[in-house]
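First the structure, in the form of structure tokens, and then the observations on it.
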Amino acid sequence: MGPSPLKLYDITEFLHDVVLERLTFHKQPETVALHSPCSNIHMGLQAKLKAIAETCVEKVVIPDRIACCGWVGDKGFTYPELNASALGDLKGALPDECQSGYSTSRTCKIGLSLHSGRYYRSIVYLVDRCSEAKTG
């Protein structure tokens with residue numbers, strides 16, 4: 001039996017490699033925060049995630065010293081101090097004009113929102129807000 005014709009994608013890879021070319025983008029004059037979850041880092045997808053965000057907005061901020069959100073899968077629910085420690089510098093690392101953030105991990109977004117004072121949502125929402133289907 002040969003390889004399966006079915007290709008599985010991470011959402012970052014799917015948006016970047018399949019979806020972007022099928023949309024027309026209207027770059028928004030805003031600054032957003034971006035967080036690559038550990039899974040993206042392990043798969044080498046940080047550049048693709050950043051490219052997606054940069055297609056949507058004028059300025060993308062990736063805070064220094066925030067490599068991991070500290071949620072550790074679902075451990076942040078029972079050990080919130082892990083998340084608090086990992087993201088202690090996040091709020092101060094974001095410029096005032098940055099009012100929202102994006103990521104691809106639900107649990108990361110919980111902690112990022114809690115410790116940044118900004119609402120983090122899926123990168124899919126940013127793509128949807130800044131694009132429309134190509135016609136013709």
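Going by C-beta contacts inside 10 Å, put S36, S4 in order with the fewest on the left.
With the fewest neighbours first, S36, S4 line up as S4, S36.
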*Counting each DSSP H run of 4 or more residues in the chain as -39500 (n - 2.57), what helix-only mean residue ellipticity at 222 nm follows after dividing by all residues, to the nearest 500 deg cm²/dmol?*
-9500 deg cm²/dmol
_Global geometry of region 35-136, whether rounded, prolate or oblate, following the gyration tensor of its Cα atoms and the 1.5 cut on a/c_ = prolate
*What length, rounded to one decimal in nm, is gained on full extension from T135 through to D96, with 0.36 nm per residue of separation minus their alpha-carbon distance?*
10.3 nm
*Enter the angle in degrees (range 0 to 90, nearest 10) between the Cα long axis of helix 46-56 and the first principal axis of the Cα atoms of the chain, meaning the one along which they spread out most.*
70 degrees
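Any read-out appearing in this document is the output of simple, stated calculations on the displayed coordinates, not a laboratory observation. What you are looking at is a predicted structure, and each value in this text was computed from that prediction instead of being measured. Using ideal geometry, Cβ is built from the backbone for each residue, glycine included, and neighbour counts are taken over all protein chains shown.
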